[in-house]
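What follows is calculated from the coordinates using simple rules that are stated; it is not laboratory data. Just so we're clear, the structure is a prediction, and the values are computed from it rather than from any experiment. Because the Cβ atoms are built from the backbone with ideal geometry, glycine has one as well, and the counts that use them run over all protein chains shown.
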Amino acid sequence: MDLKKIIKNDIYEILKGYLQIDDIVVEYPKDRKMADYAIPCFGLAKIMKKNPNDIALMIKDSIKNEIYEKIEVVNGYVNIFLNKKKITKLILETILSEKENYGSNDIGKGKTIVIDYSSPNIAKPFGVGHLRSTVIGNALKHICEKNGYKVIGINYLGDWGTQFGKLIAAYKRWGDEETVKKNPIDELKNLYVKFHAEAEKNPDLEEEGRKYFKALEDGDKECLMLWEWFKNESIKEFNKTYELLGVTNFDSYHGEAFYNDKMDKVVDELKEKGLLETDEGAEIIRLDEDLPPALIKRSDGATLYITRDLAAVFYRKKTYNFDEALYVVGNEQTLHFKQLKEVLKKMGYPWYNDIHHISFGMVLQDGKKMSTRYGKSVKLYDVLLEAIGLARKYIEERNADLDNKDEVSRQIGVGAVIFNDLKNYRTNDIEFNLEDILKFEGETGPYIQYTYARIQSLLSHKQNIKIDYNNIDINEYTWNVVFKLYSFGEYIRRSKERYDPSEIAKYLIDLAQDFNKLYANEKFIDNNKELTEFRLTVSETVAIVLKVGMRLLGVDVTNKM
């Protein structure tokens, strides 16, 4: 049921001799007490050459639909009040019928989106710096699927480059297989750090690293074996973090190395199309006056990120025939993606405009970048364990007899970290303070989880008796909740249109707050069985939507806390 569409159609039937349906605007008034919907008639007045108030009166006198309770005209606006009993019955019954499918749409039916997200670097710790790409990308995958799209999740691993030659050199000099197997990421990182420390004393080591990388590029069996081992051990370690986060739905792990044999074809095409220029030995593409040239090959013949990203986007277009390609990468890469799109445009590919850089800000702690602490990388896994531990402490204080404390602690601790990230508009930097994000009040994940758990406790009183909505008085608190439930689908569509999970997160905060106001002002378990059943039905539908919304963000809810 699309109420705005119904209203537009009803008005169009009255005014269709004068205008097109898209000329009609249906909006929310600034103050909900003024009306449920408002139709400004000023734009219509210009088209119809009439006074806006006269048009408003014409609409008021002619519009007929049982879903309207009252129509008012105020200063050139038509204010529509919905029939609360009819609409409430429709919305609650729809949610109870559709359950987890509520809010879904088929806007993306038959269309494919590829999302490039997370993308940690092999042989390095999975740091907090990769948190935002991972959780934003995961949420967008769920949101796009909810909008009917087929979505391909791509984890574009950082698995190539000179650093691997250095790592191979370090391992062959100082490495021990058993030590690496016991603690792969930390030991590989230690070897890499040792290589750089030793290279300061012995510059010849740098050349040794380059030689090993060249051998790797040339397919040396031993170097390839070591590289594969480092990669596989890294992915095993990464998966521990992914499992904690609940991010286990990547469709491809093709990293940088996968595109090694696909770049020459791109360079050849650029040459054929006359786009390459030689500048001080390097090969570049001149872009528009607002962008610096794109560097395709260095003077030593080495390719760069943009060359590899061109190869990757051509492979993805051919393999998945995507309608949109999203790159969930930090704000600092904005120029890179502008150049990538401009190169595709110059190459004559009309789908260059289907490439979207989903940028995001940094994770800060006390106003400073959280990617390092005392000069060391902050492991995301350790941060999540810390959050789980703190959640466990809070649970012990609030409900010492709770069953399954380990799982509930994980749901609350990890959920709090994810929700804290996604409630903020993605391009903003976010402040990370575990004590604040784990609070059970305020705009936090635990607040929404607690609201859900409270409702599960209430629902033990539900008797599933039939409700006659004509007997129910829909007060302001109830109507605010019901109308918010109705708008869930609108937020899902808007979240996809803006590539912004915070639309969903903020909606969930508002819904939980509206429900808790209702809970504070109404007696839910009443001698009037029908009224009790109604309020519990409202509660059940709120719980369904909270659960669906949190899962879109990649957060679990829990029945008890």
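Couple of notes before you dig in:
- When the convex hull of its Cα atoms is projected in every direction, mean area for segment 388-510 (nm²): 10.1
- Calculated translational diffusion coefficient of segment 3-82 (25 °C, 0.890 mPa s; Stokes-Einstein with Kirkwood radius over alpha-carbon pairs) equals 199 µm²/s.
- Within segment 161-231: Cβ-based charge dipole about Cα centre, in debye rounded to nearest 20 (Lys, Arg +1; Asp, Glu -1): 120
- Sequence ranges 278-289, 258-269, ranked by mean other-Cβ count within 10 angstrom, highest first: 258-269, 278-289
- Over segment 161-231, relative contact order from alpha-carbon pairs under 8 Å, at least 6 apart, %: 47
- All aspartates and glutamates inside 20 Å of Lys60 as judged from Cα atoms, apart from same-chain residues fewer than 8 positions distant: Asp10, Glu13, Asp22, Asp23, Glu27, Asp36, Glu69, Glu72
- Burial ordering of Trp229, Trp174, fewest other beta-carbon atoms within 10 Å first: Trp174, Trp229
- DSSP bridge pairs, the chain: antiparallel proportion in percent, nearest 5: 60
- Divided by 2.2 N^0.38 Å, where N counts the residues, the Cα radius of gyration of segment 201-308 comes to 1.42.
- Neighbour net charge for Glu100 - beta-carbon separation under 9 angstrom, K R +1, D E -1: +2
- Given Lys150/Lys236; Lys262/Lys297; Lys5/Lys341; Lys8/Lys547, the pairs whose alpha carbons are separated by over 25 Å: Lys150/Lys236; Lys5/Lys341; Lys8/Lys547
- Across segment 381-444 the C-alpha pair distances fall into 5 Å bins from zero in the proportions 3, 19, 29, 23, 15, 7, 3, 1, 0 percent.
- Computed per residue of the chain from DSSP H runs no shorter than four, each worth -39500 (n - 2.57), the mean residue ellipticity at 222 nm is -17000 deg cm²/dmol.
- Checked against a 20 Å cut-off, the cross-linked pairs Lys271/Lys345; Lys172/Lys240; Lys466/Lys560 give Cα-Cα distances beyond that limit for Lys172/Lys240; Lys466/Lys560.
- Under 13 Å from the Cα of Lys462 - aspartates and glutamates, other chains or at least 8 residues apart: Asp526, Glu530, Glu533, Glu540
- Across the alpha-carbon atoms of the chain, the computed radius of gyration and Dmax are 28.5, 90 angstrom.
- Under a model in which nothing but the beta-carbon of Lys, Arg (+1) and Asp, Glu (-1) is charged, the chain shows a dipole of about 1200 debye around its Cα centre.
- Given charges at Cβ of Lys, Arg, Asp, Glu: segment 13-162 dipole, positive-most of His130, Met58, Thr162: Met58
- Rg/Rg_globular for segment 84-217, with Rg_globular taken as 2.2 N^0.38 Å and Rg from C-alpha atoms: 1.73
- Too-long pairs where the Cα-Cα distance tops 23 Å, listed order kept, from Lys64/Lys84; Lys89/Lys423; Lys181/Lys221; Lys166/Lys201; Lys182/Lys211: Lys89/Lys423; Lys182/Lys211
- Rounded to the nearest whole Hz, the Karplus-based 3J(HN,Hα) values (6.51 cos²θ - 1.76 cosθ + 1.60, θ = phi - 60°) of segment 282-297 follow the sequence 8, 9, 10, 10, 6, 10, 5, 5, 8, 10, x, x, 8, 8, 8, 9, with x at glycine and proline.
- Cross-link reach is defined here as a Cα-Cα straight distance under 17 Å, omitting same-chain residues fewer than 8 places apart; for Lys49 the lysines meeting it are Lys16.
- Segment 161-231 - Rg over Rh from alpha carbon coordinates, Kirkwood radius: 0.95
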